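Chemist: I have a structure I would like to understand better, so I am pasting it below and will then ask my questions one at a time.
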Amino acid sequence: MFYTESMSETPDLSERATQVLKDNDHGQYTIPAEGLYPHQWLWDSAFIAIGQRHYDVERAKMEILSLLTGQWSNGMVPHMIFDKDPAYRRDHNFWRSWVSPFAPDDVITSGITQPPVLAEAIVKIGEKLDLVERRSWYRQVFPALLAYHQWLYADRDPHGEGLTLQIHPWETGLDTNPAWMSEMHEHLLPWWVGAVQKTHMDVVINMFRRDHMGGMRPRYSTIDALTMFDAQRRLRRKEYNIDKILSHSLFAIEDVAFNAILIRANDHLISIARSLRQDIPEDLLKRFAKSRKALEGLWDPFTETYYARDFVTHKLIKEPTIATLLPLYAGCIDADRAARLVKKLENEHLFGSTYPVPSTPLNSTWFNPDGYWQGPTWLNTNWMIIDGLKRYGYKHHAAALIESSLELVDEGGFYEYFNPLTGKPLGARNFSWTAAVALDWLNS
Ligand code: 2M8
């Protein structure tokens with residue numbers, strides 16, 4: 001193992017995890033990590049609140065309420081809310097959320113969303129409250145949460161198929177996962193990025209990248225970064241309006257992970273509504289039910305794998321990733337399917353690495369043990385897989401995965417991600433969601 005921080009005479013793991021979250025606390029919200037990630041991110045904050053609830057439930061609520069200050073009038077919860085400091089003008093201008101009539105006036109945000117883990121965090125906070133407090137908490141957030149789920153279906157499932165589409169790899173949170181990168185290379189490489197590649201200008205651009213500074217390993221190639229930025233620029237030009245985007249789109253994908261997380265979130269929304277004795281509109285409930293069935297449309301019987309699907313051609317994108325395991329978290333697949341996924345988790349040529357669960361299976365041609373979302377183990381995806389394993393009755397598998405995950409942070413520190421073969425810590429140090437999910441395992 002790699003000892004990057006002195007372990008002798010250090011406080012216990014729970015205290016160290018809490019300290020990371022407190023150090024990254026900016027008052028109303030918590031940043032993912034110092035330096036590279038100075039703003040608020042949607043699914044980061046959801047996992048962060050799941051950790052914070054163990055030492056300060058009011059602070060956990062604030063984390064979620066801060067996210068909701070960025071909600072658009074059409075219901076979208078944006079994937080980023082920016083620190084208003086003019087020092088970040090470049091980031092504000094990059095997104096220019098104000099080009100959309102739906103964006104809030106006084107908060108600067110991105111123009112896309114991220115996996116909807118929000119309902120999960122709201123319920124987990126609720127678990128820490130007594131019945132009266134829980135109802136009052138739910139009452140506070142229910143309208144916004146309902147509006148978000150309504151937007152997800154209205155905007156992102158335009159044909160009523162039951163699966164929502166995503167318009168940028170950043171929306172999946174698994175930014176460079178092979179399914180998306182293979183499609184991006186095929187459809188989105190703009191001519192000028194090709195020119196940069198040919199003239200080796202990317203080497204020069206590398207020098208100015210934020211994630212190349214401070215001795216950090218680059219998260220993805222400059223060519224991929226430029227392609228992602230170009231894809232974002234196209235969305236901005238269409239004012240983040242889905243009709244305009246889809247009228248010209250070469251690139252919309254129904255992502256497995258996003259949809260699996262949404263299915264779980266829908267169940268949470270239903271339980272919140274029940275506890276408040278509130279109704280969810282009938283047509284929305286029908287769409288929730290449709291999603292549970294539609295997820296099966298992403299299953300490929302030959303490779304026994306769930307894949308992302310191209311929204312336009314309906315073809316499965318046959319690049320396996322960690323997303324194939326997330327239907328366990330969705331909870332809507334049958335016991336036989338769940339058993340097949342668990343087999344993949346156990347298989348040492350697929351996801352059964354020494355320090356699981358790798359974000360890309362070991363036998364994939366994309367697999368790179370140090371490569372951001374193309375191999376390393378991330379603890380937020382472990383958290384969702386563990387939750388699913390428990391609910392399908394795989395208690396021992398869940399316990400073993402908690403143990404190996406805690407070993408990673410105990411020995412390596414609360415890093416952003418880890419090499420799944422050696423356990424070597426990678427990416428940003430003192431990373432909030434790593435600390436938060438560790439805290440949750442230690443206290444649940
Ligand atoms: C990474 O994504 C952002 C863009 O949203 C980035 O590359 O700067 C991803 O790991 C994403 O899942 C995460 O939410 C974000 C902040 O931790 O960083």
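Chemist: Could we say that E254 is in contact with a helix residue (DSSP H, G or I) (Cβ under 8 Å, 6 or more places away or on another chain) and crowded, with 17+ Cβ neighbours inside 10 Å here?
Modeler: Yes, satisfied.
Chemist: Restricting the search to the stretch 374-390, which residues are under 11 Å from the mean Cα position of the chain (by Cα) and within 11 Å of the ligand (Cβ to nearest atom)?
Modeler: Of everything in the stretch 374-390, those that are under 11 Å from the mean Cα position of the chain (by Cα) and within 11 Å of the ligand (Cβ to nearest atom) turn out to be W378, N380, T381.
Chemist: Right, W95: within 13 Å of the ligand (Cβ to nearest atom) and in contact with a Ser or Thr (Cβ under 9 Å, 6 or more places away or on another chain) or not?
Modeler: Criteria met by W95.
Chemist: Follow-up question, since we're still on this one. Exactly one condition in (1) on the phi < 0 side of the Ramachandran plot; (2) in contact with a helix residue (DSSP H, G or I) (Cβ under 8 Å, 6 or more places away or on another chain); (3) open to solvent by 10 Å² or more (accessible area, probe 1.4 Å) is false for E186; which is it?
Modeler: (2)
Chemist: Within the stretch 412-435, work out how many residues are within 15 Å of the ligand (Cβ to nearest atom), more than 20 Å from P218 (Cβ to Cβ) and assigned to a loop (DSSP other than H, G, I, E, B).
Modeler: Number satisfying all stated conditions: 1.
Chemist: Looking at the stretch 1-59, which of the residues that are modelled with pLDDT under 95 and within 16 Å of the ligand (Cβ to nearest atom) is surrounded by the most Cβ atoms within 10 Å (Cβ to Cβ)?
Modeler: L36
Chemist: Would a scan of the stretch 144-160 turn up a residue that is in a loop (DSSP other than H, G, I, E, B) and within 20 Å of Q40 (Cα to Cα)?
Modeler: no
Chemist: Out of L362, L439, L379, L408, which single residue is in contact (Cβ under 8 Å) with a residue 60 or more places away in the chain and among the aliphatic types (A, V, I, L, M)? Before you say what the answer is, go through the steps one by one.
Modeler: On the way: L362 fails: in contact (Cβ under 8 Å) with a residue 60 or more places away in the chain; L379 fails: in contact (Cβ under 8 Å) with a residue 60 or more places away in the chain; L408 fails: in contact (Cβ under 8 Å) with a residue 60 or more places away in the chain.
Every option except L439 fails the conditions.
Chemist: Checking the structure you have, find out if any residue of the stretch 357-365 is surrounded by 20 or more Cβ atoms within 10 Å (Cβ to Cβ), away from the ligand (no atom under 16 Å from the Cβ) and not in a helix (DSSP H, G or I).
Modeler: yes
Chemist: Give the residue, chosen from M80, M62, M76, that is in contact with a helix residue (DSSP H, G or I) (Cβ under 7 Å, 6 or more places away or on another chain) and either of a type in the set (A, V, I, L, M, F, W, C) or away from the ligand (no atom under 16 Å from the Cβ) (or both).
Modeler: Answer to the check: M76.
Chemist: Here's a follow-up. Is there a residue being more than 21 Å from the chain's Cα centre (by Cα) and modelled with pLDDT of 95 or more anywhere in the stretch 251-268?
Modeler: No: the stretch 251-268 contains no residue that is more than 21 Å from the chain's Cα centre (by Cα) and modelled with pLDDT of 95 or more.
Chemist: Here's a follow-up. Based on this model, can you work out whether A273 counts as touching a helix residue (DSSP H, G or I) at 6+ places or on another chain (Cβ under 9 Å) and either over 26 Å from R139 (Cα atoms) or assigned to a strand (DSSP E or B) (or both)?
Modeler: Considered against the rule, which asks whether it is touching a helix residue (DSSP H, G or I) at 6+ places or on another chain (Cβ under 9 Å) and either over 26 Å from R139 (Cα atoms) or assigned to a strand (DSSP E or B) (or both), A273 comes out as no.
Chemist: Looking at R292, R274, which one is basic (K, R) and crowded, with 16+ Cβ neighbours inside 10 Å?
Modeler: The conditions single out R292.
Chemist: Quick one: is L295 part of a helix (DSSP H, G or I), more than 27 Å from Y220 (Cβ to Cβ) and of a type in the set (A, V, I, L, M, F, W, C)?
Modeler: yes
Chemist: Could you list, in sequence order, all residues of the stretch 301-349 that are part of a helix (DSSP H, G or I) and touching a Gly at 6+ places or on another chain (Cβ under 7 Å)? Reasoning before the result, please.
Modeler: Taking the stretch 301-349 as the starting set, the residues that turn out to be part of a helix (DSSP H, G or I) are 322-325, 327-330, 335-346.
The answer is L328, Y329, L345, E346.
The values are calculated or read from the model by the stated rules, or taken from the named source; none is laboratory data. The structure presented is a predicted model; accordingly, all values stated were derived computationally and were not measured. Glycine gets a Cβ as well: all are built from the backbone with ideal geometry, and neighbour counts include every protein chain shown. For accessibility, only protein heavy atoms count, side chains too; no ligands or nucleic acids. Shrake-Rupley method; radii C 1.70, N 1.55, O 1.52, S 1.80 Å.
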